[in-house]
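The values are calculated or read from the model by the stated rules, or taken from the named source; none is laboratory data. What you see is a predicted model; the values in this text were computed from it and never measured. Quick reminder, even Gly has a Cβ in these numbers, built from the backbone with ideal geometry, and neighbours come from all protein chains shown. Side chains are part of the model used for accessible areas, which takes the heavy atoms of the whole protein and leaves out ligands, DNA and RNA. Shrake-Rupley method; radii C 1.70, N 1.55, O 1.52, S 1.80 Å.
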Amino acid sequence: MKLNNINPHIRFARNIKNALRPEYLRAVDYHFYYMLSKDCILHIDNTAYTLTPGTIVIIPPGVKYCFKINSVVEVISINYDYTQKHSHIITEIEPVEAESFHFPDIIEKSTFESHAFLNSPIVVDNMSYLLDDINKILAEFSYKKQLYPEVSSAIFKNIIYEIIRHITFDTKGSESINIVLDYIHNHYHDDIDNTILSSVVGY
């Protein structure tokens, strides 16, 4: 699949609190998580990730994963496909326990020719600057105004592109920019100046 063929179909978008299941799971569609709270470890196969506010996780269909939760965890959850081929499926399909998962049930699994990292699970930190766009998708699914699936798809497509930029543009300067943007997003009510921002990235 080529990147310019992305046309996401979102079938579920919601802010969930203390509803992540602690057992190993697999899902039939793509699962996108935006972390709002901390104190959570994600296990994907044999790798553990510490999740913090602003972390984005994308789990492809069929991948085994598990959240280890030590307290109340709040996340934004979006279930989707990268195309509209199965847009007739509009209700949430919850993941099931890994041992009882049937791989033929997978709805759609895209294989990207370029940006092959999209074919694997993705965990990226310092993505708080995307929260406004993610909240727009939540609002669209909450109010369900005219054309909400199309509007949500367009917003989510941009989010995917921003994640790709974040992963592929890996110079020290770009990392610093993302850290500064993340800090501004989380402290926009404060009195911020260049001295504070430079200290955030060690300049």
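Identify the single condition in (1) open to solvent by less than 30 Å² (accessible area, probe 1.4 Å); (2) acidic (Asp, Glu); (3) under 24 Å from residue 52 (Cβ atoms); (4) part of a loop (DSSP other than H, G, I, E, B) that residue 182 does not satisfy, given that it satisfies every other one.
Tallying (1) open to solvent by less than 30 Å² (accessible area, probe 1.4 Å); (2) acidic (Asp, Glu); (3) under 24 Å from residue 52 (Cβ atoms); (4) part of a loop (DSSP other than H, G, I, E, B), residue 182 fails exactly one: (4).
Output yes when any residue across the stretch 188-195 is at pLDDT below 95 and open to solvent by less than 60 Å² (accessible area, probe 1.4 Å), and no when none is.
Step one: filter the stretch 188-195 for residues at pLDDT below 95, giving 188-195.
With the extra rule that they be open to solvent by less than 60 Å² (accessible area, probe 1.4 Å), the set shrinks to 192.
Checked against the condition, which is being at pLDDT below 95 and open to solvent by less than 60 Å² (accessible area, probe 1.4 Å), the stretch 188-195 yields at least one hit.
Based on what the data block shows, is residue 10 more than 24 Å from residue 86 (Cα to Cα), in contact with a strand residue (DSSP E or B) (Cβ under 6 Å, 6 or more places away or on another chain) and assigned to a strand (DSSP E or B)?
no
Could you list, in sequence order, the residues of the stretch 75-98 that are more than 18 Å from residue 42 (Cα to Cα) and at pLDDT below 95?
Hits for the stretch 75-98 are 90, 91, 92, 93.
Run residue 143 past the list (1) surrounded by 13 or more Cβ atoms within 10 Å (Cβ to Cβ); (2) of a type in the set (Ser, Thr, Tyr); (3) without any contact (Cβ under 8 Å) to a residue 60 or more places away in the chain and report the number of the one that doesn't hold.
Residue 143 satisfies every listed condition except (1).
Select from the stretch 158-169 the residues that are open to solvent by 60 Å² or more (accessible area, probe 1.4 Å) and assigned to a helix (DSSP H, G or I) and write down the one among them that is nearest to residue 3 (Cα to Cα).
Per the criteria, the residue is 161.
For the stretch 16-34, which positions are assigned to a loop (DSSP other than H, G, I, E, B) and of a type outside the set (Phe, Trp, Tyr)?
Matches in the stretch 16-34: 18, 19, 20, 21, 22, 23, 27, 28, 29.
Cβ-Cβ below 6 Å, separation at least six or inter-chain, first residue in the stretch 54-71 and touching a residue at least 12 places away in the same chain (Cβ under 8 Å) and over 17 Å from residue 110 (Cβ atoms), second of a type in the set (Ser, Thr, Tyr) and surrounded by 18 or more Cβ atoms within 10 Å (Cβ to Cβ): which pairs?
54/128; 56/34; 57/33
If only one of 48, 19 is of a type outside the set (Ser, Thr, Tyr), without any contact (Cβ under 8 Å) to a residue 60 or more places away in the chain and closer than 21 Å to residue 126 by Cα, which one is it?
48
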